[in-house]
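Working notes, beginning with the structure itself.
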Amino acid sequence: MRARLICSQWMCVAVVVAVSSLSGAQSTANQENQWMGIESHIGNLTGHAANAKDDYRRYCVGCHGDLGDGQGENAVWLDPKPRDFTIAQFKCRSTPTGTLPTDEDLFNTIARGLDNSNMPPWNTFTKVQRADLVAYIKHFSAKWQTEKPGTPIQIPPEPEVTADRIKAGQVLFKKLECWKCHGVEGRGNGPSADTLTDDLNRPIKPFDFHDGDRFKCGKSNADLYKIFMTGLDGTPMPSFADNVKPDEAWDLVFYLRTLQPMKTKEKEIARQLGLKPIDPNAPNP
Amino acid sequence: MKFQHARYSLAILASLVLVSIGTVMLDQKVNAAAEGKITGTVKLDGTAPRQRPIDMSKEPSCAKIHESNPVHMENVVASASGALQNVVVYVSEGLTGNEASAVSSENPTWDQKGCQYIPHVMALNPNQHFKVVNSDQTSHNIHPMPKQGGPNHEWNKSQPTGAPPFDVFWTGEEVAIPVKCNIHPWMHGYMAVVKGPNAVSDANGSFTLNLPPGSYTVTAWQEEYGTQTQKVTVAAGKPATADFTFKAK
């Protein structure tokens with residue numbers, strides 16, 4: 001008799017669980033019906049959200065969740081947290097701070113992955129699969145229905161590295177007060193470093209340039225350029241586009257390369273120059 | 001015959017004059033109607049929580065400014081008599097279409113001065129432009145954080161010392177958007193984006209809203225104590241009163 005009672009209690013629990021998971025599935029279904037027609041456009045490629053359903057379920061849902069809200073079952077174990085697609089805010093963009101990224105930005109992020117996070121490079125996908133997934137990511141937020149991506153920032157062709165440019169970059173590093181967070185030697189130990197938090201109010205560390213070139217949004221010089229000109233939305237890293245001219249931005253890129261642990265052209269020039277770390281107390285030239 | 005003609009024209013002239021006088025008077029009446037207003041004060045009932053002093057020693061250029069007069073947190077700014085400052089007062093219900101869609105032509109300034117936001121709380125209409133200024137000898141990053149998934153986008157811009165002011169606006173209503181500087185973590189403030197006439201209570205806790213006669217719901221918002229509402233009827237030419245009292249926690 002007692003065993004039977006326990007058994008029926010468990011059945012009760014099972015029913016509740018089943019019903020609640022059903023309703024969860026329903027809200028996903030509603031959302032899917034609503035914006036599933038959305039497309040992505042990368043060059044000549046057109047991605048269709050509906051085609052990415054299986055890939056998303058297979059590869060993305062564990063972290064980003066059924067509803068795209070970053071609440072997948074692995075999310076509790078991860079830091080940084082998986083992106084919540086329902087708010088349509090992204091770190092790696094070619095567009096100004098506070099705007100939506102381009103389809104191409106999302107397309108590149110999927111292939112590149114995000115260093116220093118649990119997002120691996122998904123370079124096993126075909127371009128079509130990735131384009132479809134970009135559309136699928138966009139179907140989670142109404143923002144993609146009402147707003148257009150920002151206009152990508154201007155990136156002039158990369159100039160020749162010169163000693164003058166590296167020196168000018170160092171002046172910018174001091175003047176823009178990059179060192180307040182990243183430290184005078186770029187070790188991520190500036191006076192404000194310990195107090196930084198992200199949008200979820202979780203502690204976040206500024207990048208240590210002596211760690212290597214595992215920048216959040218790509219390793220190339222152009223990626224580095226984009227990171228500080230557009231800012232990493234959702235983190236303390238602001239956009240410097242209003243106060244750094246496009247050509248000057250290259251100077252800063254070259255200077256940042258002198259801080260790297262590996263051999264770089266810039267580091268060699270800095271060595272020949274006998275470049276010392278900045279003195280934050282010295283007046284700006 | 002001629003005399004009669006003259007009489008007719010006189011009558012027409014007289015009626016024209018009367019009509020025009022009437023129009024002028026009617027106009028005045030409309031103007032008087034537009035000049036209705038709500039005035040009031042915001043008070044704190046009880047003792048304000050202790051506002052911690054801010055240690056700016058990590059930013060010597062700002063610490064120097066406040067050397068003789070140390071600054072405190074501004075979560076609750078109340079006078080000895082209980083007047084509550086920095087409370088946003090706005091009309092949450094009862095605005096006509098015109099009043100609700102009007103955008104103030106004022107172009108307020110959000111200043112970063114002495115490593116503080118001045119003002120600490122600012123009220124704006126959607127699409128009302130404002131200027132962000134850095135008056136300090138240090139870089140700031142201005143980082144407003146609207147509600148995620150809401151109508152406004154978060155952004156984060158660096159403004160080094162000497163950089164020119166920039167112009168910006170919010171599109172969606174939101175009470176209120178917290179603003180912070182990540183470089184100087186003690187800096188924080190709020191921007192309230194509301195439709196129609198709005199005010200922020202001053203050091204005496206007083207505010208004025210200019211409104212046409214009508215029935216309104218007026219809301220007061222304070223960053224620690226949340227919102228309070230009350231119904232107010234504004235009559236032509238006679239200021240209505242709406243006082244608010246927040247209870248200290």
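Values quoted throughout were computed directly from the atomic coordinates according to the rules given, and no laboratory measurement underlies them. Note that the structure is predicted; figures quoted are calculated from it, not measured. Glycine gets a Cβ as well: all are built from the backbone with ideal geometry, and neighbour counts include every protein chain shown.
For the protein assembly as shown, give me the percentage of DSSP beta bridges that are antiparallel, rounded to the nearest 5 percent. Approximately 75 percent, going by the DSSP bridge assignments. Where does helix B:2-34 land angle-wise versus the long Cα axis of chain B, in degrees 0 to 90, nearest 10? Its long axis makes an angle of about 20 degrees.
Going by neighbour counts of Cβ atoms within 10 Å, the residues A:178, A:63 line up, fewest first, as A:63, A:178.
Of A:264, B:241, A:95, B:217, the sequence from fewest to most neighbouring Cβ atoms within 10 angstrom is B:241, B:217, A:264, A:95.
Select from the stretch A:225-285 those trypsin sites (Lys or Arg not before Pro) which occupy a DSSP coil region and have at most 16 other Cβ atoms within 10 Å, ordered by residue number. Filter output for the stretch A:225-285: A:263. Loop-located GluC sites (Glu not before Pro) across the stretch B:152-249 with a Cβ neighbour count of 13 or fewer within 10 Å are B:224, with loop assigned by DSSP.
Would you work out if the protein assembly as shown is rounded, prolate or oblate? Take a ≥ b ≥ c from the square roots of the eigenvalues of the alpha-carbon gyration tensor; rounded if a/c is under 1.5, else prolate when a/b is larger than b/c, oblate otherwise. Spell out each step's value before the answer.
Working: a/c = 1.75, a/b = 1.41, b/c = 1.24.
In terms of gyration-tensor shape, prolate.
Spin-label model, residue A:272/residue B:96: points 7 Å from Cα along the beta carbon direction are separated by 7.6 nm. Seen through its C-alpha gyration tensor, with square-root eigenvalues sorted a ≥ b ≥ c, the stretch A:50-150 comes out rounded because a/c lies under 1.5.
Under 5 Å between amide hydrogens, built in the peptide plane, is the criterion, and for residue B:211 it picks out B:36, B:37, B:38 among residues at least 5 positions away or on other chains.
Scanning chain A for GluC sites (Glu not before Pro) that sit in a DSSP loop and have at most 12 other Cβ atoms within 10 Å, the longest stretch containing none of them is A:161-285.
Arranged by the count of other C-beta atoms within 10 angstrom, fewest first, what order do A:233, A:79 take?
A:79, A:233
Between residue A:205 and residue B:69, the simple label model (points 7 Å from Cα in the Cβ direction) yields a spacing of 4.2 nm.
Applying a 4.7 Å Cβ-Cβ cutoff to chain B leaves B:181 as cysteine residues with no disulfide-compatible partner.
Loop-resident GluC sites (Glu not before Pro) (DSSP state other than H, G, I, E or B) in the stretch B:71-110 with no more than 14 further Cβ atoms inside 10 Å of their Cβ: B:106. Modelled label positions at residue A:73 and residue A:247, each set 7 Å beyond Cα in the direction of Cβ, lie 5.8 nm from each other. Using a ≥ b ≥ c from the Cα gyration tensor of chain B (square roots of the eigenvalues), is it rounded, prolate or oblate, where a/c under 1.5 gives rounded and otherwise the larger of a/b and b/c decides, a/b for prolate? In terms of gyration-tensor shape, prolate.
Rounded to the nearest whole Hz, the Karplus-based 3J(HN,Hα) values (6.51 cos²θ - 1.76 cosθ + 1.60, θ = phi - 60°) of the stretch A:74-79 follow the sequence 7, 4, 4, 8, 9, 8, with x at glycine and proline. The HN-Hα couplings worked out from phi for the stretch A:216-223 by the Karplus form 6.51 cos²θ - 1.76 cosθ + 1.60 (θ = phi - 60°) are 3, 10, x, 9, 6, 4, 5, 5 Hz, whole numbers, x standing for Gly and Pro. For residue A:180, the lysines whose Cα falls under 16 Å of its own Cα, not counting residues fewer than eight places away in the same chain, are A:205, B:58, B:157, B:180. Per-residue ellipticity at 222 nm from helix content only, as computed over chain A with -39500 (n - 2.57) for each DSSP H run of at least four residues, stands at -12000 deg cm²/dmol.
Each Cα pair under 8 Å and six or more residues apart adds its sequence gap; the mean of these over the residue count of the stretch B:36-247 is a relative contact order of 32 percent. Looking at chain B alone, DSSP beta bridges between its own residues are antiparallel in about 75 percent of cases. Which FRET efficiency value, to the nearest 0.05, do you get for residue A:189 and residue B:217 by plugging their Cβ-Cβ distance into 1/(1 + (r/R0)^6) with R0 = 35 Å? That gives a FRET efficiency of 0.10.
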